[in-house]
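None of the figures in this text is laboratory data; all of them are computed from the coordinates on show. None of the values given here were measured: they were computed from a predicted structure. Cβ: placed from backbone, ideal geometry, glycine included. Neighbour counts: every protein chain shown.
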Amino acid sequence: MTSPASSKRPLWIVAATLLLGAAALWGGSRLVWSAQQRDGGVRGMLLETQTGAQHSGALVPLAVLAVAGVAGAVATGGWPRRVLGVVLAVAGLWACWIAVDGVSFSGFPPGAPVWQMFLGRALTLLAGILVLLGGLIATKRAGAMPRLGARYAAPSVKKTARDPDTELWEALSEGEDPTDSA
């Protein structure tokens, strides 16, 4: 039999991976992803940059989805948690695709922040992997993880009390009046 601490561990792992993935997605959306020179007329050649959020408008919503996935993983259980895990896994794959789609290793204009361009895509790829991993763990371990409010759910089998005082307290917890003899 597993201890309560070991049954909570996958839930904490899911929450941590999703939060780290959301932070990495947000960070990757703020960095420069592409740079090109364009003719600025009298001002000469201008370096025009594009952030991750400008390159793909899906990065910030994917980060919000990952944060909402933490709340969903904590609040649900069973089949709803499995469905949420599949949605998060697809979102992680989507973030990975965004990170690798159109990556270029050459042809950068002079003065382009090349390190930022690679760091933004690498952060987004790492975020996609984290969100994918969190979704897969939530899907696989959905039944084993604790659920919000499960502690207060009505028991399916009546417990046997050890002493009369415990029986009185349990009767009160179940909404019965233990002093009513009628």
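Of A91, A127, A144, which has the largest mean-square fluctuation in a 10 Å C-alpha GNM of the chain? Of A91, A127, A144, the Gaussian network model singles out A144 as fluctuating most. Relative to the dominant Cα principal axis of the chain, helix 59-75 is inclined by about 10°.
Highest GNM mean-square fluctuation among S34, S106, S56, for the chain modelled with Cα contacts below 10 Å: S106. Placing dummy labels 7 Å off each Cα toward the beta-carbon, the span from I13 to S106 is 4.2 nm. 3J(HN,Hα) along the range 37-51, derived from phi through the Karplus expression 6.51 cos²θ - 1.76 cosθ + 1.60 where θ = phi - 60°, amounts to 9, 9, 6, x, x, 5, 7, x, 7, 10, 8, 9, 10, 9, 7 Hz, with x in place of Gly and Pro.
Proximity of backbone amide H atoms, modeled 1.01 Å from N, is registered between Q37 and E48 at under 5 Å, excluding neighbours fewer than 5 places apart on the same chain.
Taking the radius of gyration and the Kirkwood hydrodynamic radius from Cα positions alone, what is the Rg/Rh ratio for the chain, to two decimal places?
Values: Rg = 25.5 Å, Rh = 19.6 Å.
In the chain, Rg relative to Rh is 1.30.
Taking other C-beta atoms within 10 angstrom as a stand-in for reagent exposure, T76, T124, T17, T179 fall in the order T179, T76, T17, T124, fewest first. Against the longest alpha carbon principal axis of the chain, how many degrees, from 0 to 90 and to the nearest 10, is the axis of helix 79-100 turned? Its long axis makes an angle of about 10 degrees. Mean-square fluctuations from a GNM of the chain, with a 10 angstrom spring cutoff on Cα atoms, peak among L25, L59, L172 at L172.
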